[in-house]
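Inspection log for the structure reproduced underneath, given as structure tokens.
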Amino acid sequence: DTAVSQTPKYLVTQMGNDKSIKCEQNLGHDTMYWYKQDSKKFLKIMFSYNNKELIINETVPNRFSPKSPDKAHLNLHINSLELGDSAVYFCASSQNNIQYFGAGTRLSVL
Amino acid sequence: QKEVEQNSGPLSVPEGAIASLNCTYSDRGSQSFFWYRQYSGKSPELIMSIYSNGDKEDGRFTAQLNKASQYVSLLIRDSQPSDSATYLCAVNSGGGADGLTFGKGTHLIIQP
């Protein structure tokens, strides 16, 4: 009964590949987010969606494309992966300002 | 550019003492303030939220907010070894779907 679940937990891939990370929340929240945590542990917002609508798109390469099929899901697709994309990606959802994070997806690009 | 500043540490505190963690933020329009705890290899976990000036207490944790000074702090009383983690200060400038702006975190070590 995990509140915010992400898959996969680990993702190892070669440069140039395309990969997706899936996120689902069962909290009934309207808003979902993707954050990136780099090797120095700095956690930074990438995107936010409210009721399937894109609200925030921070300075992120357009190789990253979020998709929200419904308000309980926010997936992240990454094209042409680069070494610098290696990081932990966290999905989160929120209601009333409080954000709850998934367990993270550790992406390693070789 | 919204910024949140924290001392990265490590901050070493003896078991049973008070740990004091500090954070400053640049956006005067910020309305919501949070402290998250993150253990190594785990996701951030909400410890405290605070929205108005003053102190807010929850068990061993007290958050303090001073909007005039753009300063947020977290006090942990009776520190336990299990409190050893990275503490992330986060700020939300609005409501709704705004994402959080995080500081780089303070690594806290509680020495038994």
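Just so you know, all these numbers are worked out from the coordinates, no wet-lab data involved. What you see is a predicted model; the values in this text were computed from it and never measured. Positions of Cβ are backbone-derived with ideal geometry, glycine not excepted, and every protein chain shown enters the neighbour counts.
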**Message:** Between A:Thr13, A:Thr31, A:Thr59, where does the largest GNM mean-square fluctuation fall for chain A, given springs only between Cα atoms within less than 10 Å?
**Reply:** A:Thr59
**Asked** Which whole number gives the average, over all residues in A:36-49, of C-beta atoms from other chains lying within 10 Å of the residue C-beta?
**Response** 4
**Message:** Less than 16 Å apart at the alpha-carbon level, and either on another chain or at least 8 residues along: which lysines does that give for A:Lys67?
**Reply:** A:Lys19, A:Lys22, A:Lys52
**Request:** Using the Karplus curve 6.51 cos²θ - 1.76 cosθ + 1.60 with θ = phi - 60°, work out ³J(HN,Hα) for each residue of the stretch B:48-61 in order, rounded to whole Hz, and write x for Gly and Pro.
**Result:** 8, 10, 8, 10, 10, 4, x, 10, 9, 10, 8, x, 7, 9
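For B:Tyr87, B:Tyr51, what's the fewest-to-most ordering of other Cβ within 10 Å of each Cβ?
The order, fewest Cβ neighbours first, is B:Tyr51, B:Tyr87.
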**Request:** Add +1 for every Lys or Arg and -1 for every Asp or Glu among the other residues with Cβ under 15 Å from the Cβ of B:Pro112, and state the total.
**Result:** -3
**Prompt:** Using a Gaussian network model of chain A with C-alpha springs under 10 Å, which one of A:Asn97, A:Asn79, A:Asn51 is most mobile by mean-square fluctuation?
**Reply:** A:Asn97
**Prompt:** Considering the dipole of chain A built from charges on the beta carbon (Lys and Arg +1, Asp and Glu -1) around the Cα centre, which of A:Tyr10, A:Leu74, A:Asn51 is farthest to its positive end?
**Reply:** A:Tyr10
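From other protein chains only, count the Cβ atoms within 10 Å of every residue's Cβ in A:98-105, then give the mean.
The shielding value for this peptide is 4.
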**Request:** Calculate the length of the line joining the C-alpha centroid of the stretch A:50-64 to that of the stretch B:8-23, in whole Å.
**Result:** 36
**Message:** Students often forget the sequence filter, so: which lysines lie under 17 Å Cα-Cα from B:Lys104 once same-chain residues fewer than 8 apart are removed?
**Reply:** A:Lys36, A:Lys40, A:Lys41, A:Lys44, B:Lys2, B:Lys42
